[in-house]
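Some notes on the structure that comes next.
Every number in this text was worked out from the coordinates using simple rules, so none of it is lab data. Bear in mind that the values here come from a model prediction, so they are computed numbers and not experimental data. Using ideal geometry, Cβ is built from the backbone for each residue, glycine included, and neighbour counts are taken over all protein chains shown.
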Amino acid sequence: AADIADQLTTVLVTEEEIHEKLAELAARVESDYEGKDLLLIGVLKGAVMVMADFSRRLHRDVVIDWMAVSSYGAGTKSSGVVQIRKDLDTDLHGKHVLIVEDIIDSGLTLSWLLENFASRGAASIEILALLRKPEAAKVEIDCRYVGFDIPTDFVVGYGLDYDERYRNLRDVAVLAPHVYS
Ligand code: PRP
Ligand code: MN
Ligand code: MG
């Protein structure tokens with residue numbers, strides 16, 4: 001609610017850098033999936049901005065679906081045990097799936113999703129993630145399309161939240177420690 005500049009330390013990735021990178025990734029995806037139907041699955045809520053901007057960079061049609069998941073158990077960190085809040089509307093059998101995520105942190109959410117989607121008989125499953133924190137990985141995730149590798153600082157903006165706030169910021173920025181301590 002107060003001045004946003006006081007709540008952030010540094011901008012890690014600017015709006016311009018994001019859009020340039022998404023255009024690059026879109027060109028790769030177009031060529032990799034030439035002649036194939038493509039199903040984009042966005043992981044709510046963080047992936048909303050990436051999905052909106054990335055999908056509109058594609059010069060082809062795709063089907064878009066959404067899945068909402070949440071880790072349960074105590075604490076704010078992903079436990080790896082994931083609960084489905086909103087399931088897909090699409091049957092995955094035989095589909096070429098590209099999961100669209102804002103960030104890979106521990107990797108636990110995607111690890112669970114990969115297994116879940118594979119069990120539904122998808123023809124192929126790949127991942128696009130705007131951000132990745134290599135030093136935070138608890139499980140290795142094979143992500144074909146990565147935007148930016150970033151340090152382990154707590155980041156917000158462009159879909160990423162702290163306690164549901166800051167998702168609407170245009171850049172990805174480091175949250176000032178005084179906000180959460
Ligand atoms: C965040 C982020 C990823 C996940 C990454 O989602 O959007 O989906 O955590 O963390 P992990 O690699 O450690 O599993 P969150 O659970 O905060 O829900 P949200 O997308 O609604 O913010
Ligand atoms: Mn998320
Ligand atoms: Mg979140």
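Under 5 Å from the amide H of I127 lie the amide H atoms of I99, R144, Y145, each residue being 5 or more positions distant or on a separate chain, with H modelled from the backbone and absent for Pro and chain starts.
In debye, nearest 20: dipole of segment 15-150 around its Cα centre with unit charges on the Cβ of K, R (+) and D, E (-)?
So the magnitude is around 420 debye.
Across q = 0.11, 0.18 Å⁻¹, segment 1-100 modelled as identical point scatterers on its alpha-carbon atoms has Debye log10 I(q)/I(0) values of -0.47, -1.00, in the order of the q list.
Within the listed set D87, D65, D161, the residue fluctuating most in the Gaussian network model of the chain (springs between alpha-carbon atoms under 10 angstrom) is D87. Antiparallel beta bridges, as assigned by DSSP with both residues in the chain, represent about 35 percent of the total such bridges. Just to be sure I understand: with springs between alpha-carbon atoms less than 10 Å apart, which residue in G121, G147, G35 has the highest mean-square fluctuation in the Gaussian network model of the chain? Judging by the Gaussian network model, the answer is G35.
A helix-only calculation puts the chain at -6500 deg cm²/dmol for mean residue ellipticity at 222 nm, using -39500 (n - 2.57) for each DSSP H run of at least four residues, averaged over all residues.
What number comes out for the charge environment of E16, summing +1 per Lys or Arg and -1 per Asp or Glu over other residues with Cβ under 15 Å away?
-3
For segment 134-181, the set of trypsin sites (Lys or Arg not before Pro) satisfying both a DSSP loop assignment and a count of at most 16 other C-beta atoms within 10 Å is given as K138, R144, R170.
Annotation note: chymotrypsin sites (Phe, Trp or Tyr not before Pro) in segment 1-108 located in DSSP loop regions with a Cβ neighbour count of at most 16 within 10 Å are Y72. For segment 38-132, give me the percentage of DSSP beta bridges that are antiparallel, rounded to the nearest 5 percent. Here the antiparallel bridges make up roughly 20 percent for segment 38-132.
The GluC sites (Glu not before Pro) of segment 121-181 meeting both criteria, a DSSP state outside H, G, I, E and B (loop) and at most 16 other C-beta atoms within 10 angstrom of the site's C-beta, are E140, E164. Projecting the Cα atoms of L110, L131, V62 onto the dipole axis of the chain, where Lys and Arg carry +1 and Asp and Glu carry -1 at the beta carbon, places L110 farthest toward the positive end. Stretched out straight at 0.36 nm per residue, the stretch from V139 to R56 would grow longer than its current Cα-Cα span by 26.8 nm. With contacts taken as Cα pairs under 8 Å and at least 6 residues apart, segment 1-159 reaches a relative contact order of 21 percent. Applied to segment 134-145, the Karplus parametrisation 6.51 cos²θ - 1.76 cosθ + 1.60 on θ = phi - 60° returns per-residue 3J(HN,Hα) values of x, 6, 9, 4, 9, 9, 7, 10, 7, 10, 6, 10 Hz, with x for Gly and Pro. Note on the chain: Cα convex hull, mean projected area over all directions, 10.4 nm². Going 7 Å from the Cα of D161 in the Cα-to-Cβ direction, what parts of segment 1-42 have a backbone nitrogen less than 18 Å from that spot? Only 1-2, 42 fall inside the zone, counting backbone N under 18 Å.
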